[in-house]
Each structure stands twice: as structure tokens, then as C-alpha cells.
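Peer 1: Structure below; questions to follow.
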Amino acid sequence: MAFDAANGTVVLLRHSTSWRSGTWIWNGSAWAQQHPKTSPPGREDESMAYDAATHTVVLFGGHNQETVPLNDTWTWNGSTWTRQHPQASPSARYAASMAYDAATHTTVLFGGSVRSHSVNTTWTWNGSDWTQQHPATSPHSREAASLAYDAATHAVVLFGGQSDPGFVALGDTWTWNGSDWTQQHPAASPSARVAASMAYDTASGDTVLFGGHSASQLLNDTWTWDGSSWAQQHPAASPPARELASMAYDGATKSVVLFSGLGSVLLGDMWTWDGSDWTQLPAG
């Protein structure tokens, strides 16, 4: 899920039971299914971010119904999807982390699973081609890490994920400055977790992290990153515990939007974060 600033809507790609992809947009009050002329094939665990330089939503990879990793790149312009054919491309993968880096005007892709193992490569998308970066330091190989651009510090923030080898939940924090990764050592930090949701809250100037799962349980705690440390929030209301929820900052309503995710069952609820509390939106 990503906020399409050019069109003022949140964009979501979901597959049906027959693995056909469906494109939905959220206008701040309701979801509406779109019917573009072309669409990416059905998939799960794809990576998606809004590319402010080209005013398009960028989608990469994921896996198909047979859990075969994909490495195709697509862009959404508000009315249709277009498959891109870059000269270079990351290897096929799913559960990679992606965010737009406004400081370098590129979309950053990190890690992911290539089915037999995870990777720790960093790639950037400039609107027409992918380029592999070769930082001096890098987070360890992982999948399902949380990634967001912190506009206050002009850095991409990465948290946690699942390590390889060992399939262990991670609790480390890293920042990307456009050329290198730096591990942060905040005084406070969320517990180690996989598949948490994260987005930058433009209204408050903090990066918001919610939920995910640890080695033994699903989580529903909320944390904020101020550029140097994490702080746990204690809202009066909170979404039920979940992982793999879609989350994005909705510039139209100036709030963070959380949708769906996997709890004990697949969830279909929607919540907004106003900087201090969560509010559940009416169904439908």
C-alpha cells in the first residue's frame, strides 16, 4: 500500500481467490476498486512505494501462487499499470522492504527472500532503471523488515525483520543516507519482530511502527521514531494484534492509515493514527 500524492489517494493491490490482482484506491472516506487496462499478475509479498520524482507508484517483485519469486517492475499513474523494462533489475524476491528516499530522489529496495534464503542487497530505482548499491556497511540478510523515509532527518529507517540463517526475529535499527547504512543504538527500542507496519507521519514528524510478530506471538504495540530514539506510545484504543498489515500516510486526511493484516484470521478492518491515538473506521 502506498499514498499516491499525485492523485491524493492511497493505492492497494490485492489478489483474489483466483490470484487475479485487483487495484483499489482509498480517497479518505471509502475504498473504490479500479479497473485498469493492464495490471500486474496476481502476487503476494510484493514491495510498493510512491516515487515522488516520477509521480507514480512503483511495485516490485513478490511471489506467485506457487511461491515462485518474481522480479518484474510496474508503475501506477493513477489510471493504469505499466510494466517497466529496466536494463538492470534486482533478482527475483519477495518480502523485500521499499521506500522512497526524497533526499536522493530514488526508491530504495532492501533485502527480501529469494525462496531458499534471504539477501541483504540494496538497490535504487531512478524512475527508469535499477542500480545496485555497494555500501561499506549493511544490515544482515533479512526479509519482512520495516522501512520508511524519515523526512525530519532525511534518512531511510529500517527496523527488524527475519534473519537468515536461523529465521530469528530481529530488533535492530539502521538508517540509509543515500550511500551507506549506519546501525543506530537507541536508548529504547521495540522488541524484535517480523512483518511490522511502518510509515512516516508527516503531521507529527515521527515514524510510526505498529505490530508484527515475535518468535511466539502477534503484537499490537505502537512505537514512534524521532530520528534518534524509539518511544512506545500508549493509545487509549489500538488495533488488534497482527502482522503484514498495509500502512501508509494519507496526505489527504493527514493521518496514518492501517488496513488489514494477518491475525488469527485474515483481517479486513481499517484504522487511522492521529499522532496520539488509533481510531477504527466504520466497515465498508
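Peer 1: Rounded to the nearest 0.05, what FRET efficiency do Lys37 and Ala6 give with R0 = 30 Å and r taken as the Cβ-Cβ distance? Could you check?
Peer 2: So, using R0 = 30 Å, E works out to roughly 0.95.
Peer 1: For the chain, modelled as a GNM with alpha-carbon contacts under 10 angstrom, which of Thr131, Thr73, Thr106 fluctuates the most?
Peer 2: Thr131
Peer 1: Next question. Please check: in the Gaussian network model of the chain (C-alpha springs, under 10 Å), which one of Gln232, Gln184, Gln217 has the largest mean-square fluctuation.
Peer 2: Highest fluctuation among the options: Gln217.
Peer 1: What FRET efficiency comes out for Gln280 versus His134 if R0 is 51 angstrom and r is the Cβ-Cβ distance? Round to the nearest 0.05.
Peer 2: 0.70
Peer 1: Explain nothing, just the number: dipole magnitude of the chain about its Cα centre with +1 on each Lys and Arg Cβ and -1 on each Asp and Glu Cβ, in debye rounded to the nearest 20.
Peer 2: 620 debye
Peer 1: Go through 90-100, 250-260 and give me the packing order, highest mean Cβ count within 10 Å leading.
Peer 2: 90-100, 250-260
Peer 1: Once the piece of chain linking Gln65 and Gln87 is laid out straight, how much longer is it, given 0.36 nm per residue of separation minus the C-alpha distance between them?
Peer 2: On the way: separation 22, 0.36 × 22 = 7.92 nm, distance 2.67 nm.
The span from Gln65 to Gln87 would gain 5.2 nm if fully extended.
Peer 1: Another question, then. Which order do peptides 25-34, 148-157, 62-71, 8-17 fall in by mean Cβ count within 10 Å, highest first?
Peer 2: 148-157, 8-17, 62-71, 25-34
Peer 1: Just to confirm, what accessible area per residue do you get for segment 120-195 at 1.4 Å probe, in whole Å²? Show your work: numbers first, answer last.
Peer 2: Working: 3080 Å² over 76 residues.
Using a 1.4 Å probe on heavy atoms only, each residue of segment 120-195 averages 40 Å².
Peer 1: I'd like the Kirkwood hydrodynamic radius of segment 169-284, using the inverse of the mean 1/r over distinct C-alpha pairs, in Å.
Peer 2: 14.6 Å
Peer 1: Per residue, how many Å² of accessible area does segment 35-107 show with a 1.4 Å probe? Present the calculation step by step, with values, prior to reporting the outcome.
Peer 2: Values: 3080 Å² over 73 residues.
With all protein chains present, segment 35-107 gives 42 Å² per residue.
Peer 1: Among Met48, His63, Ser18, which residue has its Cα furthest toward the positive end of the charge dipole of segment 16-136, with +1 on Lys/Arg Cβ and -1 on Asp/Glu Cβ?
Peer 2: Positive-end residue among those listed: Ser18.
Peer 1: So, with a 1.4 angstrom probe, what is the percent of accessible area on the chain that is carbon and sulfur?
Peer 2: In the chain, the share of accessible area belonging to carbon and sulfur is 50 percent.
Peer 1: Taking a cut-off of 26 Å, what percent of all Cα-Cα pairs in the chain are separated by more than that?
Peer 2: 36 percent
Peer 1: For a distance above 26 Å, tell me the whole-number percent of Cα pairs in segment 1-144 that qualify.
Peer 2: I get 21 percent for the Cα pairs in segment 1-144 exceeding 26 Å.
Peer 1: Please give, to one decimal in nm, the separation of the simple spin-label points placed at Glu44 and Ser79, each 7 Å out from Cα toward the Cβ.
Peer 2: Taking the simple label geometry, Glu44 and Ser79 are separated by 3.4 nm.
Peer 1: Compute the normalised compactness of segment 132-196: alpha-carbon radius of gyration over 2.2 N^0.38 Å, N being the residue count.
Peer 2: Numbers: Rg = 11.7 Å, N = 65, 2.2 N^0.38 = 10.7 Å.
After normalising by residue count via 2.2 N^0.38 Å, the value is 1.09.
The values are calculated or read from the model by the stated rules, or taken from the named source; none is laboratory data. Because the structure is predicted, anything quoted here is derived from the model rather than measured. Positions of Cβ are backbone-derived with ideal geometry, glycine not excepted, and every protein chain shown enters the neighbour counts. To get the accessible areas, we keep the full protein, side chains included, count just its heavy atoms, and leave off ligands, DNA and RNA. Shrake-Rupley method; radii C 1.70, N 1.55, O 1.52, S 1.80 Å.
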